[in-house]
Amino acid sequence: MPIQNSTTGEVLRSYNIDELKQQANLMRGYDLVALCAAGSGHAGGTLSIMDIAAALYLRVADHDPKNPNWQGRDRIVWSTGHKAPSLYLGLAFAGFCPKEDVALLRKLYSAYQGHPHWLKLPGVEVSTGSLGQGLSIAVGLALAARLDKKDHHIFCIMGDGEQQEGQIWEAAMEAGHFNLDNLIGIVDRNRLQIDGWVKDVMNVEPIEEKYHSFGWEVITINGHNMRQVVEALEKAKTGCGKPTVIIADTVKGKGVSFMEDIAGWHGKTPNVEELHQALKELGLDEEEQIPVQALFAHAKKYQAEVERKLEAKMPKFQRNYWWNAADTMKVQMKPTRLGFGQSLAANGDDPRVVCFGLDISGSITISEFYANKPERKARWISMGIAEQSATSAAAGLAKEGKLPVFGTYATFAAARNLDQIRTSICYGNFNVLIAGAHGGVSVGPDGATHQALEDLFSMCGLPNMSVVVPCDMVETRKATDYLLLKHVGPKYIRFAREATPIVTDQNTPFVFGKANVIRLRRESPNFIEAFETKLESDYRDECEDLTIVACGPMVPEAMRAAYILKSDFGYETRILNMHTMKPLDCEAVVRAARDTSVVLTAEEHQIGALAWPVASIITESHELYGIPVITGAIGVKDRFGDSGAPWELIKEFEVSAEHIAAKAVELIGVKKSRSGEPVCEAHLVVTK
Ligand SMILES: Cc1ncc(C[n+]2csc(CCOP(=O)(O)OP(=O)(O)O)c2C)c(N)n1
């Protein structure tokens, strides 16, 4: 049954095959406009799945756009969460939401998150984005339907690369074991994933035989032949006593010649020129069939409102101190991840070094290990999208004396595989380097599922583990050099995706386990030259007004905060660059607390990975007994991430220099009022 009124059972709209083809084509057009307006997202996979999305949402699934939570509806799970725009367009074209709103894709506060979030948009069944989990959720939904004696169906859309996740096969086994004939899997077999062809990255074929052996009914179709798509979906709904999987042969980038079958279009969006070309190829008349300019205008207006809201909530100072906003204190920005790749390129000749690919190799720069070095290819092991197994395999390699390195988004490098890190690596105390890439909010528009904001809790909490969070690209290079070849044991390095300020150079000290002190000395044309950095153990107290303890990208923010505090209030700041979070430099914290009696932590993480150990050092230190220390913490306040531009998120999550400075002013005010000292006028304005 198609789209219906759930109260009366009246069919609201039904599409024949030709109409479905047209709708799918139009949905492709809207997809590309939304991706272009967003400036990030996944063109290739959204285009390959679009015919199936159109067939499901416009003809096959029982649902009611006016009653998205109708109990009798079919459930559609998008395990392949990065194809969210196709889901949104399915909903929009079925009437769940306005079509033009899909142009708000990946923007801050938008219901159209980079990966689907069911709590934001009615009609989205579950939240996904971490691959390989959807089929298990679908098993749960199918079991619930059976327990409740309901006859609706559960569809689960997956990718072929996604089949590399072990959890898929646990769920496949469960569905077969329980004969869940209300469950229909769909595999978008476009043969490509991020790192290249699925068969080269980690072969998943023969998929049909695999599902068959797990007790599934298997149907193979051409996923772009609308008749075949509809017939397969409708047949699967008739039930045959076991779960059905539809293996749909598709083309990544389908419909746009320059995107088809090109791996590079996985996570890429068309620019305006490419968009026009693509719409032409799709045979879509701009303005007549698709209101391109109106969609762009809608996105722009929304974005302007986002920026207004963000600016309104920013702490205000005497002038705009934002990065590179003035003619002075200019800073260069580069992504920290580049330092990781540079180190692997430089140190990879050591025959013990073995690097694992987890299908995100270029973006996190681990592929630099073998770039232009064919002789290292034997020590480059592509494991596919299989973080858990790769983690334990790394332990096995380490057991035999190798130096294994693996990395992916920090959420998948340190959370999805947490028990494997704990038991296979840390308990056995194996020499494995784990890279938590794209840490913090800097992965931006991808949204909450991809923003690691909790990884440091678990990594710092594991016995035997060492943890380094470098502050810029240069320090990332030094930290990787050290961890890779000199440090023995489990080790975690966390770095960001976005370009962040370069605040160290070759001469800046980096000693594992030892904090650096950074002091603002002057205003200078170049930000980096305005500061002096020393090993904390070489530093002598200068009676500063407060200490800011920071790690990672919060170090440059703390430096900018120090500049604001000095310029607007005359306050002196001691910054501790706590690049090594485990073992933490306790002595540096104790000295700073004793000397300045105000300690503010700053972390791009849920508050606590840095704040709590620092607070615990202060409360437990005998040297500080009887000395009042005022503490504060800047970080993410117990909430999930959101889609948005990285620097917008820095503001939204209140982890900018302005937030650090405002908190510092408040804490210094408490200190001064306790000692009866006067505070400057500007101070009163900010704290009012
Ligand atoms: C657990 C997990 N690991 C890694 C990623 C990053 N990632 C997003 S899409 C993708 C490739 C997916 O390939 P495939 O399933 O074939 O999808 P398609 O090529 O159709 O887009 C990867 C590795 C992720 N989202 N989740």
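Here are some notes:
- Mean residue ellipticity at 222 nm, helices only, the chain: -10500 deg cm²/dmol; runs of at least 4 DSSP H residues each add -39,500 (n - 2.57), and the sum is divided by the number of residues.
- Residues listed by number, the range 397-427, amide nitrogen under 11 Å from R352 label point at 7 Å toward C-beta: 398-404
- Span per principal axis, largest first, for the Cα atoms of the chain (Å): 78, 58, 49
- Ratio of the Cα radius of gyration of the range 205-315 to 2.2 N^0.38 Å, where N counts its residues: 1.62
- Sorting 609-617, 286-294, 470-478 by their mean Cβ neighbour count within 10 Å, with the most densely packed peptide first, gives 470-478, 609-617, 286-294.
- Carbon + sulfur, % of accessible area of the range 533-622 - ligands and nucleic acids excluded, 1.4 Å: 53
- Using the average count of surrounding beta-carbon atoms within 10 Å as a protection proxy, the listed peptides 16-27, 423-434, 543-554, 306-317 rank, highest first, as 543-554, 423-434, 16-27, 306-317.
- Beta bridges by DSSP in the chain, antiparallel share as percent, to the nearest 5: 20
- Converting the Cα gyration tensor eigenvalues of the range 573-639 into ellipsoid dimensions via √(5λ) gives semi-axes, longest first, of 19, 13, 11 Å.
- Projecting the Cα atoms of G223, M259, I627 onto the charge dipole of the chain, computed from C-beta unit charges around the Cα centre, puts I627 farthest toward the positive end.
- P(r) of the range 332-469 over all Cα-Cα pairs, binned every 10 Å from zero, in whole percent: 12, 44, 36, 7, 0
- Annotation for the range 174-217 versus the range 390-459: alpha-carbon center distance of 26 Å.
- P(r) tail, the range 257-408: Cα-Cα pairs separated by more than 21 Å, 68% of all pairs.
- Charged neighbours of G357, selected by a Cβ distance under 14 Å, balance to -2 (K, R count +1; D, E count -1).
- With all protein chains in place and a 1.4 Å probe, the accessible surface of the range 284-419 carries 52 percent carbon and sulfur.
- The residues of the range 89-217 expose on average 37 square angstrom of accessible surface per residue, using a 1.4 Å probe on protein heavy atoms.
- With all protein chains kept in place, the per residue accessible area of the range 592-688 amounts to 43 square angstrom at a probe of 1.4 angstrom.
- Proximal lysines relative to K149, as straight alpha-carbon distance under 17 Å, when same-chain residues fewer than 8 apart are discounted: K237, K242
- Using the Cβ-Cβ distance between C586 and N67 with R0 set to 56 Å, the FRET efficiency from 1/(1 + (r/R0)^6) comes to roughly 0.45.
- Sorted largest first, the principal axis extents computed over the alpha-carbon atoms of the range 304-356 equal 55, 28, 17 Å.
- From the alpha carbon centroid of the range 112-170 to that of the range 315-362 is 35 Å.
- Note that the range 496-566 presents 36 Å² accessible area per residue, ligands and nucleic acids not counted, probe 1.4 Å.
- Using distinct alpha-carbon pairs, which all enter the 1/r mean, Kirkwood radius of the range 549-679 in Å: 15.2
- Portion, in percent, of the accessible area of the range 1-125 that falls on carbon or sulfur, probe 1.4 Å: 46
- Sorted from longest to shortest, the spans of the Cα atoms of the range 31-120 along the three principal axes equal 37, 27, 22 Å.
- Computed over the range 405-550, the quotient of the alpha carbon radius of gyration and 2.2 N^0.38 Å is 1.15.
- 19 Å Cα-Cα reach of K330 towards lysines, excluding residues that sit fewer than 8 places from it in its own chain: K566
- Zone residues, the range 304-336, relative to A682, backbone N less than 20 Å from point 7 Å out along Cα-to-Cβ: 314-331
- When +1 charges are put on Lys and Arg Cβ atoms and -1 charges on Asp and Glu Cβ atoms, the dipole computed for the range 238-287 relative to its Cα centre reaches about 460 debye.
- Taking all Cα-Cα distances within the range 1-155, those exceeding 26 Å account for 21%.
- Computed over the range 479-628, the ratio Rg/Rh where both radii use C-alpha atoms and Rh is Kirkwood: 0.95
- Once the Cβ-Cβ distance of Q22 and K373 is raised to the sixth power relative to R0 = 41 Å, the FRET efficiency obtained is 0.25.
- Protein-only accessible surface order, largest first, of D419, D101 at 1.4 Å: D419, D101
- The mean sequence distance of close C-alpha pairs (under 8 Å, at least 6 residues apart), as a share of the length of the range 329-371, puts its relative contact order at 50 percent.
- Simple Cβ-charge dipole of the chain, Lys/Arg +1 and Asp/Glu -1, about Cα centre, in debye nearest 20: 760
- Label-point separation in nm, E205 to S616, each point 7 Å along Cα→Cβ: 5.2
- Computed E for Q318/N526 - FRET, C-beta separation, R0 25 angstrom, nearest 0.05: 0.70
- Ranked packing of 501-510, 43-52, most packed first, by mean Cβ within 10 Å: 43-52, 501-510
The values are calculated or read from the model by the stated rules, or taken from the named source; none is laboratory data. Note that this is a predicted model, so its numbers are computed, not measured. Note that each Cβ is placed from the backbone with ideal geometry, even for glycine, and that neighbours are counted across all protein chains shown. Only protein heavy atoms, including side chains, enter the accessible area calculation; ligands, DNA and RNA are left aside. Shrake-Rupley method; radii C 1.70, N 1.55, O 1.52, S 1.80 Å.
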